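Down below is the structure, laid out as structure tokens.
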Amino acid sequence: MCRSRHFKSAIDNHKKSFSRSVNAIFGKVGRIATDEVILQLVFFKVYTRVIVMYGLESLSLNISDVRSLDFTYNRFMIKLFKTADMNIIKDCQAFLEHNY
């Protein structure tokens, strides 16, 4: 919880834990694994979802919190697909949401 006039919580621990788990997966499989395998390990297994989502459903996130979480997610996608073009990243995210 943060000090504020309104109820506010800190999501930094969620972001740090997610980044730590993603970096641990990259550290173990490196570039040996395909992008699909890494995506399966990071997003489609319960472990990393729990890290990011734990307790967030009980909070009312403001727009800056949501953008901050999006930024953390986008940084992973940029690292995975080796591109900083946000159009490509958004297309990949849309493809993943539609197919998985």
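So here's what we get for this one:
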item	result
All positions within segment 82-100 that are of a type outside the set (Asp, Glu) and at pLDDT 85 or above	Lys82, Thr83, Ala84, Met86, Asn87, Ile88, Ile89, Lys90
Some residue of segment 39-61 being under 20 Å from Lys82 (Cβ atoms) and at pLDDT 80 or above	no
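The values are calculated or read from the model by the stated rules, or taken from the named source; none is laboratory data. These numbers come from a predicted model, not from an experiment. Don't worry about glycine lacking a Cβ; one is built from the backbone with ideal geometry, like all the others, and counts go over all protein chains shown.
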